[in-house]
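Engineer: Right, I'll just put the structure down here and ask away after.
The values are calculated or read from the model by the stated rules, or taken from the named source; none is laboratory data. Not measured: the values here are computed from a predicted model. Here Cβ is always computed from backbone atoms with ideal geometry, including for glycine, and neighbour counts include all displayed protein chains.
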Amino acid sequence: MGTTKTYFALNAALLLLALPFAAQSQQMPGNLKGSGEVVVTSGGGTWEVAQKKAFFDPFTRDTGIEVVLVPEDQAKLLSSAKLGQPEADITSIEGGQLASWISKGAVEEMDYSLFAKDTLASMPDKLKNKYGVGALLYSLAVAYNTKKYPEDGKHPMNWMDFYDIKDFPGKRSLPKCEKIVGGGLLEGAVMGDGVPANKVYPIDMDRAFAKIGELKPQVGRWWVAGADAPQSLIDGEVDMAAAYNGRIFAAKAQGAPLALSWEQSLLQYDFWVIVKGSPNKENAAKFLAYISRPEPQAAFAEAISYGPVNNDAFKLVPKEMLDILPGAPELAKKQVFQDYDWWNKTGADGRTNYDVALQRCVALLSQ
């Protein structure tokens, strides 16, 4: 997603509605108390403000451990870790990047012994990796211009509709090859070709690229930056787009004639990781155990409309938010968890599915 944080940071309509700090200190395990500091990367802006209210300030207040922030720069952080002097203890990365960080020897193993049992029990298994713990949920969905397709009329509901140019004419916006994973290009294509949501993986690449090839003449914009998809809809350049829900909500809150459908949307996620050689490894583990509890997760979800990684947090947010938070119980029934393990799986030739798909995508779009 590039820097995923930017996609939801614009959602001013829901900004800073975080739960009162008092609610966040309930049932905190005593083993999280400590001293010293933990250094965390931050993307700044409204993203940092929301984290400060939901995570950083309450953690320091309740544990005695100071949170020190440094600007997010993953290339710089990886270089510092390689030298054995990481400039941060913790950072968040896209789920699809975790395998790369592991292969580079850049992350520590997670210490889940500090997590409360009920915290672990209420987190999806996909978000409890040996080398990282879930940070947030977001979604890639079918979005459309309501001037062309009114919400109360016939409008695209899923990827089958997105790829149906007969019943839903108009230009489309799809991600460029650089965003083949984050933009859900292949997943959307196979569902658009009739593959059921629960049968998406393993992805049939031949089928996916054949479908993309069919739609290619109708693609008015191939996007890289997440802002491009909603902007192309607003400008009238396209009528529907594969887009991140946070971007669409932010634009809609500012009056743009946009909407999206949750049906067959991809449920995507980031991981928090502890950087290899972290000088504050124990404090880092305590921080992650603390913020993974339902109260901080609910506070962050309210502040910036990311889906929480703790299912119990959905019980704490206002009911009206359950219609817009990725991973919310009813929405999750319509969604597809993106399978990063499949994307990182290596074939007999030593190439990952991502490597193969990227090469094929570049070849297709260059034709």
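Engineer: Looking at (1) basic (Lys, Arg); (2) closer than 19 Å to ARG360 by Cβ; (3) surrounded by fewer than 15 Cβ atoms within 10 Å (Cβ to Cβ), find the lone condition where LYS147 falls short.
Structural biologist: Tallying (1) basic (Lys, Arg); (2) closer than 19 Å to ARG360 by Cβ; (3) surrounded by fewer than 15 Cβ atoms within 10 Å (Cβ to Cβ), LYS147 fails exactly one: (2).
Engineer: Further, regarding this structure: Taking the criterion of being out of contact with any Pro (no Cβ under 9 Å at 6 or more places or on another chain), without any contact (Cβ under 8 Å) to a residue 24 or more places away in the chain and on the phi > 0 side of the Ramachandran plot, would at least one residue in the stretch 349-362 satisfy it?
Structural biologist: yes
Engineer: Shifting gears a bit: Can you spot a residue in the stretch 87-95 that is at pLDDT 95 or above, charged (D, E, K, R) and closer than 16 Å to ALA135 by Cα?
Structural biologist: yes
Engineer: Of all residues in the stretch 111-150, which are aliphatic (A, V, I, L, M), closer than 15 Å to ALA289 by Cα and touching a strand residue (DSSP E or B) at 6+ places or on another chain (Cβ under 6 Å)?
Structural biologist: LEU127, VAL133, ALA135, LEU136 - these are the residues of the stretch 111-150 that are aliphatic (A, V, I, L, M), closer than 15 Å to ALA289 by Cα and touching a strand residue (DSSP E or B) at 6+ places or on another chain (Cβ under 6 Å).
Engineer: Can you give me the number of residues within the stretch 288-327 that are out of contact with any strand residue (DSSP E or B) (no Cβ under 7 Å at 6 or more places or on another chain), closer than 25 Å to THR91 by Cα and hydrophobic (A, V, I, L, M, F, W, C)?
Structural biologist: Number of matching residues: 9.
Engineer: In the stretch 212-235, which residue that is small (Gly, Ala, Ser) and at pLDDT 95 or above is surrounded by the fewest Cβ atoms within 10 Å (Cβ to Cβ)?
Structural biologist: Narrowing the stretch 212-235 to residues small (Gly, Ala, Ser): 213, 220, 225-227, 229, 232.
Filter once more, keeping what is at pLDDT 95 or above: 213, 220, 232.
Details: GLY213: 13, GLY220: 17, SER232: 23.
Residue satisfying both the conditions and the ranking: GLY213.
Engineer: A further question follows. Tally time: how many residues in the stretch 203-243 are in contact with a strand residue (DSSP E or B) (Cβ under 7 Å, 6 or more places away or on another chain) and basic (Lys, Arg)?
Structural biologist: Count: 1.
Engineer: Restricting the search to the stretch 70-100, which residues are out of contact with any strand residue (DSSP E or B) (no Cβ under 9 Å at 6 or more places or on another chain), among the aliphatic types (A, V, I, L, M) and either assigned to a helix (DSSP H, G or I) or surrounded by 19 or more Cβ atoms within 10 Å (Cβ to Cβ) (or both)? It would help to see each step written out before you state the result.
Structural biologist: Taking the stretch 70-100 as the starting set, the residues that turn out to be out of contact with any strand residue (DSSP E or B) (no Cβ under 9 Å at 6 or more places or on another chain) are 75-76, 79, 82-85.
Pick out the ones that are also among the aliphatic types (A, V, I, L, M) and you get 75, 83.
ALA75 - this is the single residue of the stretch 70-100 that is out of contact with any strand residue (DSSP E or B) (no Cβ under 9 Å at 6 or more places or on another chain), among the aliphatic types (A, V, I, L, M) and either assigned to a helix (DSSP H, G or I) or surrounded by 19 or more Cβ atoms within 10 Å (Cβ to Cβ) (or both).
Engineer: Any residue that is buried (at least 20 other Cβ atoms within 10 Å of the Cβ) and under 14 Å from LYS276 (Cβ atoms) - is there at least one of those in the stretch 125-139?
Structural biologist: Checked against the condition, which is being buried (at least 20 other Cβ atoms within 10 Å of the Cβ) and under 14 Å from LYS276 (Cβ atoms), the stretch 125-139 yields at least one hit.
Engineer: Go through (1) over 21 Å from the mean Cα position of the chain (by Cα); (2) modelled with pLDDT under 95 one by one and return the number of the condition ALA50 breaks.
Structural biologist: The number of the failed condition is (1).
Engineer: Is it the case that the stretch 296-310 has a residue that's within 15 Å of MET110 (Cβ to Cβ) and charged (D, E, K, R)?
Structural biologist: no
Engineer: Let me ask another. Could you list, in sequence order, the residues of the stretch 183-200 that are surrounded by fewer than 20 Cβ atoms within 10 Å (Cβ to Cβ) and aliphatic (A, V, I, L, M)?
Structural biologist: Listed by number, the list holds a single entry, ALA197.
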